[in-house]
Amino acid sequence: MNPRIISIKNIHDEAEGDLSIFEGSGHDLPFAIKRIYYIHHVPVGTVRGGHAHKQLTQLLWCPYGSITILLDDGTDKAEVKLDTPTKGLIVEHAMWREMRWEQEGSVLCVAASEFYDESDYIRDYDAFQAYVKQQAKLP
Ligand code: T46
């Protein structure tokens, strides 16, 4: 598996610091952004996630700290460490994900292609594997 990592544009100023930016709708992301959420105040060592989505595509980035994203497409697995504010990870649908907090104060930000919809989640790993197999059989 080749995780889709993007380099978020950054404007650096020696005196004033950095400004990082991305735009949706085909500019920097392959989707229009319908929702943004962020996960914070998570104790170090915590693993969140443990689910996949049927339709949702997202960009994950970590503006502060260090969080490892574990990906599993039903066949292959990969790990991506988000530990710099300009590194983004695009997570497609039908991808099992877990997020491991590795540094105190780490923040995970997410730009999502869809509004929140609990029926889009697959929260059981066996059901995820069955879903991936079923999708592979579709014409
Ligand atoms: C994902 C990873 C990276 C809402 O009500 N609205 C929302 O937009 C979201 C994202 C969550 N929720 C509710 C659903 C649960 O009752 O917030 C609660 C915690 O959500 P969850 O346990 O799914 O959180 P994570 O950290 O396991 O996963 C989240 C996203 O849900 C998921 O889509 O890809 O971050």
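Numbers below:
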quantity: 87, 81, 9, 137, ranked by accessible area, largest first (probe 1.4 Å); calculated: 137, 9, 81, 87
quantity: Difference of contour (0.36 nm per residue) and Cα-Cα distance, residue 70 to residue 7; calculated: 20.8 nm
quantity: Crossing angle, helix 125-137 versus the chain [Cα axis fit, 0-90 degrees, rounded to tens]; calculated: 70 degrees
quantity: Positive-end residue, the stretch 4-137 charge dipole about Cα centroid, Cβ charges, pick of 74, 50, 89; calculated: 74
quantity: Under 25 Å from residue 9, Cα to Cα: lysines that are on another chain or at least 8 residues apart; calculated: 34, 81, 87
quantity: Percent of Cα pairs exceeding the 27 Å cut-off, where the set is the chain; calculated: 21 percent
quantity: Computed E for residue 86/residue 46 - FRET, C-beta separation, R0 30 angstrom, nearest 0.05; calculated: 0.80
quantity: 222 nm mean residue ellipticity, helices alone, for the chain (DSSP H n ≥ 4; -39,500 (n - 2.57); rounded to 500); calculated: -3000 deg cm²/dmol
quantity: Lys, Arg +1 and Asp, Glu -1 on Cβ, resulting dipole of the chain about Cα centre, debye, nearest 20; calculated: 460 debye
quantity: Accessible surface of the stretch 4-137 [probe 1.4 Å, protein heavy atoms]: carbon and sulfur percent; calculated: 51 percent
quantity: List 131, 37, ordered by accessible area with a 1.4 Å probe, largest first; calculated: 37, 131
quantity: Extension reserve of the residue 78-residue 123 stretch, reckoned as 0.36 nm per residue once the Cα distance is removed; calculated: 14.3 nm
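The values are calculated or read from the model by the stated rules, or taken from the named source; none is laboratory data. Keep in mind it's a predicted model, so treat the numbers as computed, not measured. So basically every Cβ, Gly included, is an ideal-geometry build from the backbone, and we count neighbours across all protein chains shown. To get the accessible areas, we keep the full protein, side chains included, count just its heavy atoms, and leave off ligands, DNA and RNA. Shrake-Rupley method; radii C 1.70, N 1.55, O 1.52, S 1.80 Å.
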